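The values are calculated or read from the model by the stated rules, or taken from the named source; none is laboratory data. Everything numeric in this text was worked out from a predicted model, so none of it was measured. Here the Cβ is made from the backbone with ideal geometry for all residues, glycine too, and neighbour counts use every protein chain on show. Each accessible area value is taken on the protein alone, full model and side chains, heavy atoms only, with ligands, DNA and RNA left out. Shrake-Rupley method; radii C 1.70, N 1.55, O 1.52, S 1.80 Å.
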Amino acid sequence: MSFGLLTAVPKAGGHAQIPELLRGFATRLAVFLLLLALTFALPRLLPGDPVELLHSSDLMRELTAAEEQQLYRSMGLEGSWLDQFAGYMAAVLQGNLGYSIQHGAAVSQLLAHALPWTGLLILGAMPIALLIGVTAGIEAGRCPHGPFDLIATGLMTCLSSVPPFAWAILLVLVFGVMWPILPPAGAQSVMPPHGAVQRAIDIAWHAVLPMLSLALHEVARFYFLCRGEAVGLSSRPFIVNARARGLGGLRERIHYYGRNLLPAVLARLSDSVTGLVGTVVFVEIVFSYPGLGGLIYDAIGDRDYVLLQGAVLWLAAFVLLMNWLLDAVVSVLARRG
Amino acid sequence: MSKGRNALLGIGGLGGLVVAMVVMLADQPDATQASAGEHVLVITQADGDQGLLAPFAHRRNGLGYLYTSYVFDSLVGQDAHGKVAPALAESWQELDGGLAYDIRLRQNAQWHDGVPVTAADVAFTFSYLSSHPYPFATVEGIASVTVISDTQIHLTLKQRDASFLSHTLMALPILPEHVYADQARPERFTGLDAATGSGPYSLISYDKVQGRYLLQRNRDYYDGAPRYEQLALVRMAPDRAIEAMRADEVDIVSDLPMDRVEYAKKQGLNVVTALGNHPVRLVFNSGGSLSDRNLRRGIAYGIDRQALVKIVHRGDAVIAETGYLQRGSPWFSVQSHPRNYAYDPEEAAVLFETSGWQSDDGVWQAGGRPVQLRLITDKRHAQMATVIADQLERLGIGIALRVLERGALQERIASGDYDLRLSSSSAMGDPNGLRDRVLGDNWRSDRYADHQGDIGAVLDAQARALDAVERKAILARFQTLYAEELPAYMLTNPYLATAYSNRVHPYYLPDGVAIGIPLALPKSVFLASPPLAGQ
Amino acid sequence: MAFRASEAGHRKGDWRWWAALIALLSAVTFAGLFTSEPYRTSTDVLMPPSTQHWLGTNAVGQDVWTGLLLAAPNTVVIAFTSAFLALAIAVFFAMASAVGVPLVRAGILRTVDMFQTIPAILFLLLVAAWVQPGMLGIVLIIGLSAWQDDVRVIRAAVLRESTRENVQYVRHQGGSWLYCAIHHLIPAVWPLLVSLYLQATRHAVMKTAGLAFLGLTDPRLLTWGGMMQGAMDHLYGDAWRWLLVPPAVCLAMFLYLVLSLGKIAERQSMARSSVGP
């Protein structure tokens, strides 16, 4: 965001790194345990009886009491909360996330199939956002209030004034409906083509719009961050001198601006993952993309407790791990240079 | 220097990772691969994955059941008019006044793995289903099963059951003993071999994430090789599916919204429509705050259903019949409806006054306080609820409308914390289901408190009436009672539509497919010759 | 709002923005509060814009223009109130961690760390599905899920201000921390708070719109985000032109105004901090 200047606190380098990393890990472990408890409790607080809700089609016959009891047991809903929690923890620690009756599949299997798609979108969106955001930010910050700055800043302000899900709709509307050159939904063609290469192209083709809508919002975040920093750099003597010597072009942008912007950008990367995960839920719903976000959204509607718990845990683990790894990379880079 | 390069390397690395992921996803072994071409018939629907097409693994809804029925045959099937027809059972004989059946199986029926279907499989299925309850039908009514030969089986029932053929035997899929015998938890048996059936098509691949199935025709099918080499069942939003059909990529859009019918026709697609017979109903809390039937009738008179059809369905519906069963159902009786509740606010006022409400300056009062009714519904009927609330408020009844998420709705219904609720439910399939739908205590049911026991008695009587004419007469009585007592007021009966290409001809059955599924995709559409009408 | 004269040289521009924002917001909000048009269903469904219905009608024949007006106060009030709640919580924790004993400080900062790593969307989805929040509910859950990012920033500013002579002097004279906070610290970090407040407002608008878009808010609560969700069924065809575009434009304009104001506030707070001791 544009307020990034106020919040970007570059991490200090030095000897405190290893303990710092460990502490970061411990904090994240605590968060994870908290989430574990929360994912257990929250769905159970939701109104409605999951077994009754399973009985959602009036084509089904009424179940007998014994049959209902059996369903409760298989959904891990028998006994007191304490018993259920003990059973849940024991199962999770054994790596068993349970079985989703609604989907007729093991939760870990469902998640294993969905996670790569979400991962693809997030990992694909990050370089797009970084590349566009950082280059435009440097360009604008080189000559503050120049024509490029004015246009780009205006554009980015508009960009960040539209909620991410609205961008997704807009992209569907423009490139999927009005000018149908890109697939507006799904992750693959109805009938995926033969041959791994063609299929890979097909998947990449389908990922373009979702990735783009995911990246758009982050573009503005990195743009404002880099522009702000670059404006500061532009008045620093070493750049003023270099320019006076006639420096310009790519060399100036990469070696003089890029290098000095790196710590600030990297420090924001881990926040960016959290932000992207929040946005990806919307993107997956708009594009009916078969990832974790859509799975979680459906699980809430279906009252699929078992899947919900598993999905939230996986997502949390994914975010926490990414976030910790990025922090680790940042501090290693900071020490090196 | 190093930093700039590091950053570029990092971005490049991320890009490489993305490419690697794409390749990995493209290489998933279970991805459905089919060459779209002449021999694949592509059918779309908007809902997601329906689970593996096996009786215990598919999603517990009509679509999951329907798809599974292409893979698993039952003893009894439906002909192209929806009438009971031979399937795995070649013929049957009713004995003992309907207390026993002799069933003769096909000689040449085979499981998809080549093993012949025998009477032992049928016996196994009945015993397996008694210990592993099947959600769409029950074998509870069967007293004994005797295997007489490889192709002959004798069944006895606990009591006479008018729906034994048309519901129980039609709904129960026959399971292969050699596959299911050692499966203690069939709902967790989700390998492709769990989908070994005896139906016209066999499941050859299933991509859960994309909600995509590929079915291959069973060349050895006892009724002759089915019409299409392969069926592809895929998930796609109708709007996209229309475009895809224009490009010859799709053959059937099974859930075409009515407001797209004109557009689809304009694009040169074929469209078939039919009344869905899943009417939208205003269910009264008849056991609680609205136990006075005159109030229920008054509200019914006060609702302008013609306007509902026009606003909510934009004309693509008819005013529903008030005796539960709808036109098109073989059990529907025209003459059994003394009241059709044509919009009549004056009649409504008279009825309200009979029940002790007073009108004060156009606002109805009960016990000196303005009447305020709680109307609850889910998101699907939010528009209908808004319009009904508008209409009732114009009538002088305050409405507190709550559109609730499913869980909250179920809880409110279970605790009786409402006066009115909107829902839609099936008026199709064998009338045996009516008991659960009207008197049952699950949250989808009317939960009607049948104090006189009239409705219950009539529903019991029809369940024992083996003679169709007699059964229809009893059901006529039910429809009269339902319209008189009004556990729920049937509002509108929307049309359904299916778009199709020239390679196929889908049709709706008057009383729905099998258990009452309102889709134009009965198995017979995909067979070489539709099965002949039964005995 | 006691807005201090800014040292930055953008005062003229500031006032233009303030005036524009206040004029627009109050016009729309008042129009929404006092609109006499009932938002009634009618048989004129999906009518394109005409003289009778300026922005056409939706799928149940409700007038889109009336809907826009009625949704305005809801959207605006939710945004500003939940941002206020979030900021109030953040200020409280920031003050407590700035002046508290080490144990309190560590506790608060670790808690903030924890909340910062959880994607707020998970919390929002779960809770919203549970309560289908109305206006108050949305304000609460958005307020409670948005404070963590501001604590560190405010704490840093408070720490900087608390070393100044005036605060030290008051403390020497026996003034309580509460007195210091109200009379010295908060006024000193005021521009920063304004800028954070506007940022929080923007996020609240987006989150509310997102929840409404997912259909997780009370469907009777009319908001621009919810209207956009209603338009999603009409992307193919013509109706999106009058169902989707108007609420989207309103939402974007509102966000744009808040963002622009935020930039001005930020400039002021930076200018202020740069003339520090």
| How many partner chain Cβ atoms sit within 10 Å of a residue's Cβ in peptide C:80-88, on average, as a whole number? | 0
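Can you tell me the accessible area per residue over the protein assembly as shown, all protein chains present, probe 1.4 angstrom, in square angstrom? Present the calculation step by step, with values, prior to reporting the outcome.
Numbers: 45150 Å² over 1149 residues.
In whole numbers, the protein assembly as shown has 39 Å² accessible per residue.
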| Check B:ALA400: other-chain or 5+ apart residues with amide H under 5 Å from its amide H, H built from backbone geometry? | B:LEU373, B:ARG374, B:LEU375
| request: Work out the charge dipole of the protein assembly as shown with +1 on the Cβ of Lys and Arg and -1 on the Cβ of Asp and Glu about the Cα centre, then indicate which of A:ALA196, A:ILE101, B:THR190 is farthest towards its positive end. | output: A:ALA196
| request: Would you mind working out the magnitude of the charge dipole of chain B relative to its Cα centre, with +1 at each Lys and Arg C-beta and -1 at each Asp and Glu C-beta, to the nearest 20 Debye? | output: 1060 debye
| said: Please list, in order along region B:489-506, the HN-Hα scalar couplings obtained from phi with the Karplus expression 6.51 cos²θ - 1.76 cosθ + 1.60 (θ = phi - 60°), rounded to whole Hz, x for Gly and Pro. | reply: 9, 6, 8, 9, 10, x, 7, 10, 9, 9, 9, 8, 8, 7, 8, 8, 9, x
| Accessible area of chain B belonging to carbon and sulfur atoms, whole % at 1.4 Å probe | 50 percent
| request: May I ask you to evaluate 6.51 cos²θ - 1.76 cosθ + 1.60, the Karplus curve with θ = phi - 60°, for each residue of region A:96-105 and list the ³J(HN,Hα) values in order in whole Hz, giving x for glycine and proline? | output: 9, 8, x, 10, 8, 5, 4, 8, x, 7
| Ranked from the most accessible area to the least, with a 1.4 Å probe and all protein chains present, what is the order of B:ASP251, C:ASP113, B:ASP460? | B:ASP460, C:ASP113, B:ASP251
| Angstrom value of the Kirkwood radius, inverse mean 1/r, which spans all Cα pairs in chain A | 22.9 Å
| said: For A:MET191, B:MET24, give me the order by solvent-accessible area with a 1.4 Å probe, most accessible first, ignoring ligands, DNA and RNA. | reply: B:MET24, A:MET191
| query | Efficiency by 1/(1 + (r/R0)^6): what FRET value for A:MET178 and A:ARG251, r their Cβ-Cβ distance, R0 = 51 Å, to the nearest 0.05? | reply | 0.75
| request: Calculate the dipole size of the protein assembly as shown relative to its Cα centre from +1 charges on Lys and Arg beta carbons and -1 charges on Asp and Glu beta carbons; express the result in debye to the nearest 20. | output: 5360 debye
| Are there any helices in chain B, counted as whole DSSP H runs, that stretch 24 Å or more along their axis by Cα and score at least 0.0 on average by Kyte-Doolittle, and if so which? | B:2-26
| remark: Within 10 Å of the Cβ of an average residue in B:406-417, the count of other chain Cβ atoms is 5
| task | Compute the separation of the alpha-carbon centres of region B:280-304 and region A:134-192 and state it in Å as a whole number. | result | 53 Å
| said: Once each part is reduced to its C-alpha centroid, what is the distance from region B:458-478 to region B:391-448 in angstrom? | reply: 26 Å
| remark: The FRET efficiency for C:ARG220 and B:VAL350, from their Cβ-Cβ distance with R0 = 25 Å and rounded to 0.05, is 0.20
| remark: So for region B:299-422, using the alpha carbon gyration tensor with a ≥ b ≥ c as root eigenvalues (a/c under 1.5 gives rounded; past that, a/b versus b/c decides prolate or oblate), I'd call it oblate
| request: Compute the accessible area of each residue in region B:12-26 twice, once for its chain alone and once with every protein chain present, using a 1.4 Å probe on heavy atoms, and list those whose area falls by at least 40 Å². | output: B:LEU14, B:VAL18, B:MET21, B:VAL22, B:LEU25, B:ALA26
| message | What do you get for the angle between helix C:11-34 and the principal long axis of chain C? Use alpha-carbon atoms, 0 to 90 degrees, nearest ten. | response | 50 degrees
| task | Give the angle, between 0 and 90 degrees and rounded to the nearest 10, that separates the Cα long axis of helix C:64-99 from the longest principal axis of the Cα atoms of chain C. | result | 20 degrees
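Before rounding to the nearest 500, sum -39500 (n - 2.57) across all DSSP H runs of length at least 4 in the protein assembly as shown and divide by the residue total; then give [θ] at 222 nm in deg cm²/dmol. Please report the intermediate quantities before stating the final value.
Numbers: 39 runs with 578 residues, N = 1149.
Taking each H run of at least 4 residues, the total per residue is -16500 deg cm²/dmol.
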| How many nm is it between the label spots at C:ALA88 and A:CYS143, if each spot is 7 Å from the Cα in line with the beta carbon? | 4.9 nm
| message | As a test question: what accessible area, to the nearest 10 Å², does A:GLU67 have when a 1.4 Å probe is rolled over all protein chains in place? | response | 30 Å²
| query | Nearest 100 Å², what total accessible surface is buried between chain C and chain A (probe 1.4 Å)? | reply | 4300 Å²
| remark: In nm², the average projected area of the convex hull spanned by the Cα atoms of the protein assembly as shown is 49.4 nm²
| message | Quick check on region C:207-266: take the gyration tensor over C-alpha atoms, sort the square-rooted eigenvalues as a ≥ b ≥ c, and tell me if it's rounded (a/c under 1.5), prolate or oblate. | response | oblate
| query | If you place +1 on the Cβ of every Lys and Arg, -1 on the Cβ of every Asp and Glu, and leave all else neutral, what size is the dipole of region C:124-205 about its Cα centre, to the nearest 20 Debye? | reply | 100 debye
| Hey, quick one: spin label on C:ARG171, modelled 7 Å out along Cα-Cβ, who in region C:94-116 has an amide N within reach, i.e. under 12 Å? | C:98-101
| query | Considering only protein heavy atoms, what is the solvent-accessible area of A:CYS143 at a probe of 1.4 Å, reported in Å² to the nearest 10? | reply | 60 Å²
| field | For chain B, with +1 on Lys and Arg beta carbons and -1 on Asp and Glu, the positive-most of B:ILE43, B:PRO510, B:GLN78 along the dipole | value | B:ILE43
| Helix C:135-144: angle to the longest alpha-carbon principal axis of chain C, degrees 0 to 90, nearest 10? | 40 degrees
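Rounded to the nearest 100 Å², what is the sum over both chains of accessible area buried where A meets B, with a probe of 1.4 Å?
6200 Å²
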| task | Take the alpha carbon gyration tensor of chain B, find the square roots of its eigenvalues, order them as a ≥ b ≥ c, and report rounded if a/c is under 1.5; if not, report prolate when a/b exceeds b/c, else oblate. | result | oblate
| Residue (of A:LEU71, B:GLY440, C:ALA79) at the positive-pole extreme of the protein assembly as shown, dipole from beta-carbon charges | C:ALA79
| Whole-angstrom gap from region B:136-197 to region C:246-262, using each part's C-alpha centre | 62 Å
| What's the FRET efficiency of A:MET89 with B:GLN110 using the Cβ-Cβ distance as r and R₀ = 45 Å, to the nearest 0.05? | 0.40
| Cα→Cβ-extended label distance, 7 Å offset, between C:TYR179 and B:LEU17, nm | 5.5 nm
